[in-house]
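One structure is given below, encoded as structure tokens.
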Amino acid sequence: MNGRRETARSGPGRSRRGSLRPSRWAVTGAALVALAGSPGFGTAASAETRPLSMRAYDQRVQDGIDLIYQLRFEAADEHFATFIAADPGNPLGHFFHAMVDWWRVLIDLEDESGDEAFYARLARCIEVCDRRLAEDADDFEAVLFKGGAIGFRGRLRGDRDQFLHAARDGLRSLPLLKKSRQMEPANKDILFGQGIYNYFRVVIPERHPVVKAFIWMLDDGDRELGLRQLEEVAREGRYARAEARYFLAQIHRVFEDDPGTALRYLEQLHGQYPDNALFHRYRARVLVDLRRWDEAVALYRQAIERAERGQRGYHARCHIESLYYVGKRAFLEGRYGEVVTVMSAADSLSRSLGESPTAQFVQGFGPLANLYLGMAGDALERRDLARSRYERVLELPNHGSSHKLARRYLAEPYGPR
């Protein structure tokens, strides 16, 4: 390809954190924890005074889960705190109280400030489970929630590249997962756990051979079986239905190369929880994958508006991503003045995240925004602007061909087609 016309074709959308794929944690840290928000149930609860148990569906639990997915964290905290106050020895309230903090972490995974609070709530849940298991080793709730709590701890440790600790948590979680399934064989939500394990036990080592050193002692998985199990939960599960759809969206976009199917699940999730910034952003990103730019840009413009209002979940990194894709579409359509405005705003926001180039990298959006800004400057015959942006690209960590192209266009101005 003519170097003057080469552009940054690959966006940062599939980087490790903030992407739709499960991050590079050892499969035992997240994939085994399939209990992630997926406790079991049976028949509907008959009264508000009924003791909370995962052996029966209870609308009170679902109401709290909905608050979490709606990112109404204070309300969710209060909701599950009432469960704990009413029955402090029941691990259910403690587990879902921890899930509120999990979503606080998840909506901006690069921000580690909430990690310790999350770990503390998980530890409290495990402590409550251990007391019950000391009295009855076959206590279903204790088995279920201890496995879930340990698994979620491993999941975050994997996201933090603490692979050995994540693997250890996975090894502790796996027998609890199996036991809970044996105790409730018809439970669709616990089937979610088996589906996650079966799928990622095969896929993660293929993608990330480094984890083989940690998981060689684990049972084999089954990729196709895992997919079928997750699809069954997505159709028939209750508490785990949304989580199954979220994982299926990740799986189909990243591992199965099927963004169309990923979009179907994300449309369901975003339709059910329209204020969930994670579902909003990921839906837009998959639309970009499908080159459905008009729909994607409309969603990203909405995200920009929400970020400017300070709506929860629409944080600076989300704002930068949204500006980047709006600017990229403007570039592809030759609207270079808009590119300068939008990509300059993205760069300014990236600088607000810290002084280090790593902090300003933002999953690759930082360097690519400046690369497009430089090319737009050249297209507008604003060579000083273009050179300053190419030099800025070289100050940031490389993403794909960003450094190569910046050096090329410093030597010879970019020329649009």
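In this structure, does VAL326 turn out to be closer than 17 Å to ALA303 by Cβ and more than 25 Å from the chain's Cα centre (by Cα)? Reasoning before the result, please.
Numbers: closer than 17 Å to ALA303 by Cβ: yes; more than 25 Å from the chain's Cα centre (by Cα): no.
No.
Could you run through the stretch 132-141 and say how many residues are among the charged types (D, E, K, R), in contact (Cβ under 8 Å) with a residue 12 or more places away in the chain, buried (at least 18 other Cβ atoms within 10 Å of the Cβ) and farther than 17 Å from ILE84 by Cα? Can you show your working first?
Filtering the stretch 132-141 for residues among the charged types (D, E, K, R) gives 132, 135-136, 138-139, 141.
Checking which are in contact (Cβ under 8 Å) with a residue 12 or more places away in the chain leaves us with 132, 138, 141.
Then drop every residue that is not buried (at least 18 other Cβ atoms within 10 Å of the Cβ), which leaves 132, 141.
In the following step, the residues that additionally are farther than 17 Å from ILE84 by Cα were identified as none.
Of the residues in that region, 0 qualify.
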Consider only pairs whose beta carbons are under 7 Å apart and that are at least six residues apart or on different chains; among these, list those whose first residue lies in the stretch 280-300 and is closer than 15 Å to GLY327 by Cα and without any contact (Cβ under 8 Å) to a residue 60 or more places away in the chain and whose second residue is polar (S, T, N, Q) and surrounded by 23 or more Cβ atoms within 10 Å (Cβ to Cβ).
-> TYR300/SER322
What about TYR390, is it in contact (Cβ under 8 Å) with a residue 24 or more places away in the chain, within 18 Å of PHE331 (Cβ to Cβ) and of a type in the set (Phe, Trp, Tyr)?
-> no
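Grab the helices (runs of 4 or more DSSP H) fully contained in the stretch 284-381, keeping just those with 3 or more residues being touching a helix residue (DSSP H, G or I) at 6+ places or on another chain (Cβ under 6 Å) and either of a type in the set (Gly, Ala, Ser) or farther than 25 Å from GLU267 by Cβ (or both).
Counting at least 3 such residues, we get 293-309, 316-332, 336-351, 365-379.
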Say whether the condition of being over 24 Å from ALA56 (Cβ atoms) and not β-branched (Val, Ile, Thr) is met by at least one residue in the stretch 175-185.
-> yes
Looking only at the stretch 218-240, which residues are within 18 Å of GLY271 (Cβ to Cβ) and without any contact (Cβ under 8 Å) to a residue 40 or more places away in the chain?
-> ALA234, ARG235
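Taking the stated definitions as given, is ILE215 among the aliphatic types (A, V, I, L, M), in contact (Cβ under 8 Å) with a residue 60 or more places away in the chain and either closer than 27 Å to ASP139 by Cα or surrounded by fewer than 16 Cβ atoms within 10 Å (Cβ to Cβ) (or both)?
So ILE215 fails the test.
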Identify all residues within the stretch 241-285 that are more than 20 Å from ARG104 (Cβ to Cβ) and among the hydrophobic types (A, V, I, L, M, F, W, C); write none if there are none.
-> ALA244, LEU248, ALA249, ILE251, VAL254, PHE255, ALA262, LEU263, LEU266, ALA284
Within the bounds of the stretch 263-281, is there any residue that is buried (at least 20 other Cβ atoms within 10 Å of the Cβ), farther than 22 Å from ILE68 by Cβ and under 18 Å from the mean Cα position of the chain (by Cα)?
-> yes
Residue in the stretch 132-185 that is nearest to PHE118 (Cα to Cα), counting only those that are modelled with pLDDT of 90 or more and acidic (Asp, Glu) | GLU141
Kindly indicate whether any position in the stretch 157-172 is within 19 Å of ALA244 (Cβ to Cβ) and more than 22 Å from the chain's Cα centre (by Cα).
-> no
Out of the stretch 256-279, which residues are of a type outside the set (Gly, Ala, Ser), part of a helix (DSSP H, G or I), farther than 19 Å from ARG317 by Cβ and touching a residue at least 24 places away in the same chain (Cβ under 8 Å)?
-> PRO259, LEU263, TYR265, LEU269, GLN272
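Any residue in the stretch 382-393 that is of a type in the set (S, T, N, Q), surrounded by fewer than 19 Cβ atoms within 10 Å (Cβ to Cβ), out of contact with any Phe, Trp or Tyr (no Cβ under 7 Å at 6 or more places or on another chain) and in a loop (DSSP other than H, G, I, E, B)? Steps first, answer last, please.
Restricting attention to the stretch 382-393, the residues satisfying the condition of being of a type in the set (S, T, N, Q) are 388.
Subset that is surrounded by fewer than 19 Cβ atoms within 10 Å (Cβ to Cβ): 388.
From what's left, out of contact with any Phe, Trp or Tyr (no Cβ under 7 Å at 6 or more places or on another chain): 388.
Cutting the leftovers down to in a loop (DSSP other than H, G, I, E, B) gives us none.
Scanning the stretch 382-393 turns up no residue that is of a type in the set (S, T, N, Q), surrounded by fewer than 19 Cβ atoms within 10 Å (Cβ to Cβ), out of contact with any Phe, Trp or Tyr (no Cβ under 7 Å at 6 or more places or on another chain) and in a loop (DSSP other than H, G, I, E, B).
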Pairs, please: C-beta under 8 Å, at least 6 apart or cross-chain, first residue in contact (Cβ under 8 Å) with a residue 24 or more places away in the chain and closer than 19 Å to ASN187 by Cβ and in the stretch 57-82, second of a type in the set (S, T, N, Q) and surrounded by fewer than 16 Cβ atoms within 10 Å (Cβ to Cβ)?
-> TYR57/THR43
Checking LYS328 against (1) among the charged types (D, E, K, R); (2) surrounded by 21 or more Cβ atoms within 10 Å (Cβ to Cβ); (3) farther than 25 Å from ARG407 by Cβ, which test does it fail?
-> (3)
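Would you mention how many residues in the stretch 97-131 are in a helix (DSSP H, G or I) and either touching a residue at least 40 places away in the same chain (Cβ under 8 Å) or hydroxyl-bearing (Ser, Thr, Tyr) (or both)?
First pass over the stretch 97-131, keeping only residues in a helix (DSSP H, G or I): 97-106, 115-131.
Filter once more, so that each one left must be either touching a residue at least 40 places away in the same chain (Cβ under 8 Å) or hydroxyl-bearing (Ser, Thr, Tyr) (or both): 98-99, 102, 105-106, 115, 119, 128, 131.
Residues flagged as in a helix (DSSP H, G or I) and either touching a residue at least 40 places away in the same chain (Cβ under 8 Å) or hydroxyl-bearing (Ser, Thr, Tyr) (or both) within the stretch 97-131 amount to 9.
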Looking across the stretch 186-204 at residues that are farther than 17 Å from TYR246 by Cβ and modelled with pLDDT of 85 or more, the single one that is surrounded by the fewest Cβ atoms within 10 Å (Cβ to Cβ) is VAL202
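The values are calculated or read from the model by the stated rules, or taken from the named source; none is laboratory data. Everything numeric in this text was worked out from a predicted model, so none of it was measured. Glycine also receives a Cβ, built like all others from the backbone with ideal geometry; neighbour counts cover every protein chain displayed.
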